[in-house]
Every structure is written in C-alpha cells, then in structure tokens.
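Everything on this sheet refers to the single structure shown next.
No lab work stands behind these numbers, since they all come straight from the coordinates. If you're wondering where the values come from, they're calculated on a predicted model, not measured in any experiment. All Cβ positions, glycine included, derive from the backbone under ideal geometry; neighbour counts span all protein chains shown.
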Amino acid sequence: SIIGFSKVLLNRLDGDLTERQETYLRSVHKSGSHLLQLINDILDFSRIEAGRVEVHPEEIDLQELVSECIESSLPLLRGKPLRIDKELPDALPRLVADRTKLKQILLNLLSNAIKFTAAGRACVKVRTEDGLVHVSVIDTGIGIREADLTRLFEPFHRLDTPLSRQVGGTGLGLAISKKFVELQGGRLWAESRENHGSTFHFTLPVARPS
C-alpha cells in the first residue's frame, strides 16, 4: 500500500505537489521498494534452504524476455550516462525454462550492472552453443577484486567498497540467481577485473533435463 499510494501521489493523480512534498514522497517510495526487495530476497532464500522451490518450465521467447527486462531496468539509470544494449542472433531456439525465475535472474544481473557502473555500457548478450543457451550480462563498471570473486555467490556476502555500502542490499541476489540457474540444469559464474568491468554468464539447456 505504501508503494502504491506514494506512486499515485507522485503521478499527481490526486493533485499537484510542492517540490518538498515530491522529494519526501520519492524517498518514501524508494525506501518502500527497497524494503519489499529485501523481504522478497529473504523469502526466496528461505524457500531455497528449505528445498521448497518449484520449477515451472514453459517455452520462452528470449528476444521478448530480454527486451522486457531491459525496459524494466531503465528507471534504475536515473540520469546516468549509461546505455543498455542487447546482442541476440535473429534465430534463437525457444528455450524451455521457468520464465519467472529466468526473468528474476536477468533483472538481478542487470540491476547489479547498473548499480556498479557510473557511465558507459551494460549489455545482454545471448548465443547458443552445444545445446545450451549462453547468456552474458556485461558492464563497464568498477569491476571486482580477484579475492572477492571466489566468495561472490555466498549468501549475504557483499563487496567491501564505498559504492557497495552506498547502494545497499542483502547480499542474497546472486546466491538466489545461482540456485535458480542450477535448479534448471545450468551454471552461473562471473569474470571480472577491478576497474575493468564485469561479465556474468549463465547457461541453460535448450531442452530442460527431465
């Protein structure tokens, strides 16, 4: 309700706002959205730990899903000199996977790319190889120290950098994404160099294993 009503007021559906009122409402809306994300992450992780995560496979149009995720991520830019691109071949197989979980994985990786990239480019690249769909989310951001790469997917692990402390988060997004990929027969990993950007890869079988 807090998120919904603050959005209604920000859209001026109930009248005009003063500059101060708009600032306060944006803060309320941002804090409410952040709290909701924290709760959802903790609930997802609790289900994973309890072994109660179900996978619901369906045919997925990857072109459509990637475009949808990029569109949903655009508000996170908040005026940054950063563009989000996609590189997908015209002919892609229709992937059989859990669409909701795949969307959550992509949105999480795109969100991280935007958070940790002040300027430049983020890109979603998709290709097929040996019966797998290979998805990469590439950014030109701050990168990750080699020492942190080994712990990156540990639950509650967060990078100890000034920017990481500024953007906040639970440290669960990557752990959840990795588990969601593995539940569908795939693999998630990262390549990065400090100050030289990061690339997060995941693969999924075109035909989900029975």
Contour excess over end-to-end distance, with Cα ends at K103 and S46 and 0.36 nm allotted per residue: 18.6 nm
Taking K101, K115 and counting other C-beta atoms within 10 Å, the order from fewest to most: K115, K101
H157, H196 arranged by Cβ crowding within 10 Å, fewest neighbours leading: H196, H157
Pairs from K103/K178; K7/K103; K101/K125; K115/K179; K103/K179 whose Cα-Cα separation, in the structure shown, is over 20 Å: K7/K103; K115/K179
Ascending count of other beta-carbon atoms within 10 Å, so fewest first, for H56, H134: H56, H134
Summed side-chain charge close to L65 - residues other than L65 whose Cβ falls under 12 Å, Lys, Arg +1, Asp, Glu -1: -2
